[in-house]
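Worksheet for the structure shown next.
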Amino acid sequence: MKKIFLLIPILLIGLLLVFFKSPLSILNDRMVADDVLVTVEKPEYDFAFSYLSGGSALSLIEPPVPASASDGLRSVSIMMETESYNDFYQDEDSDPPPTITIFVIEENKGESELSRQERLLEWAKKNPQYTSYALKTSEVAEQKIDGVPTQTYNVAGEYLSRVHLVSYSGNLYAFVGQYEVEGDAMFKAFDELIDQVVFY
């Protein structure tokens, strides 16, 4: 059963990336020759994030999301090392490289006596395609991003990952940072992105 949960998030991100394997010129509007800090404002989802963009840093991909996604998915932002994206684009048989992914999902509160954080964890268990909850290798810890409580844990799947889950302003946010070795470039890039997330 765990093999199935391991494949779900990899397949989801892989499908999004394959769908978006369009010419590299599409990325040029969001990438400059020198590495610079780029802030992406998402006022419709009440948050913003910043990442280092450039030829030796990251590229941002934002696949279109169906307006009526059955699970409430509203937005997907995928970041990966630009060099890795170039290699992935040029080799049709290659596997997706480690990514930083931000999912925004509309929260369906319904009738519940659970607290906000308890509802968040219940949602995480039922939606492994976003959370990889069944593969967590650490206890869930409550942390904060820009003062907003998170449920945070580590995952071991195709890649190692750190996951931050947030319930805020009618949305659920899953910040997922994949990396190969703790302390590598993607690990550091994810930590830097998390430090600069702002909720409105």
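The values are calculated or read from the model by the stated rules, or taken from the named source; none is laboratory data. Predicted, not measured: the structure shown is a model, and the values here were computed from it. Using ideal geometry, Cβ is built from the backbone for each residue, glycine included, and neighbour counts are taken over all protein chains shown.
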Next item on the list: Scan Ser84, Ser75 and give me the residue that is part of a helix (DSSP H, G or I), of a type in the set (S, T, N, Q), surrounded by 15 or more Cβ atoms within 10 Å (Cβ to Cβ) and out of contact with any Ser or Thr (no Cβ under 8 Å at 6 or more places or on another chain).
Entry: Ser84
Next item on the list: Just name the residue that is surrounded by the fewest Cβ atoms within 10 Å (Cβ to Cβ) out of those in segment 96-105 that are at pLDDT 95 or above and either in a loop (DSSP other than H, G, I, E, B) or not aromatic (Phe, Trp, Tyr) (or both).
Entry: Ile105
Margin query: Given the criteria among the basic types (Lys, Arg), touching a residue at least 24 places away in the same chain (Cβ under 8 Å), assigned to a helix (DSSP H, G or I) and under 25 Å from Gln143 (Cα atoms), does Arg119 qualify?
Written below: yes
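Do we find that Asp93 is surrounded by fewer than 16 Cβ atoms within 10 Å (Cβ to Cβ) and touching a strand residue (DSSP E or B) at 6+ places or on another chain (Cβ under 9 Å) in this structure?
When the stated conditions are applied, Asp93 does not pass them.
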Notebook entry, point to check: If the Cβ limit is 7 Å and pairs must be 6+ apart or interchain, which residue in segment 181-200 that is at pLDDT 95 or above and of a type in the set (Phe, Trp, Tyr) pairs with which residue that is surrounded by fewer than 19 Cβ atoms within 10 Å (Cβ to Cβ) and in a strand (DSSP E or B)?
Noted result: Phe199/Val148
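Consider Leu114 carefully, then state whether it is touching a helix residue (DSSP H, G or I) at 6+ places or on another chain (Cβ under 8 Å), free of Cβ contacts under 8 Å to residues at least 24 places away in the same chain and not polar (S, T, N, Q).
Judged against the criteria, Leu114 is a match.
Looking at segment 129-171, which of its residues are in a helix (DSSP H, G or I), surrounded by fewer than 20 Cβ atoms within 10 Å (Cβ to Cβ) and within 14 Å of the chain's Cα centre (by Cα)? I'd like the intermediate steps shown before the answer.
Our first condition is that a residue be in a helix (DSSP H, G or I); within segment 129-171, this holds for 129-131, 133-135.
Those left that are additionally surrounded by fewer than 20 Cβ atoms within 10 Å (Cβ to Cβ): 129, 134.
The one that is in a helix (DSSP H, G or I), surrounded by fewer than 20 Cβ atoms within 10 Å (Cβ to Cβ) and within 14 Å of the chain's Cα centre (by Cα): Gln129.
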Next item on the list: Quick one: in segment 50-64, of everything that is surrounded by 21 or more Cβ atoms within 10 Å (Cβ to Cβ) and either polar (S, T, N, Q) or in a loop (DSSP other than H, G, I, E, B) (or both), which residue is nearest to the chain's Cα centre (by Cα)?
Entry: Ser59
Next item on the list: For segment 182-191, enumerate the residues that are in contact with a Leu (Cβ under 8 Å, 6 or more places away or on another chain) and loosely packed, with under 14 Cβ neighbours inside 10 Å.
Entry: Glu182
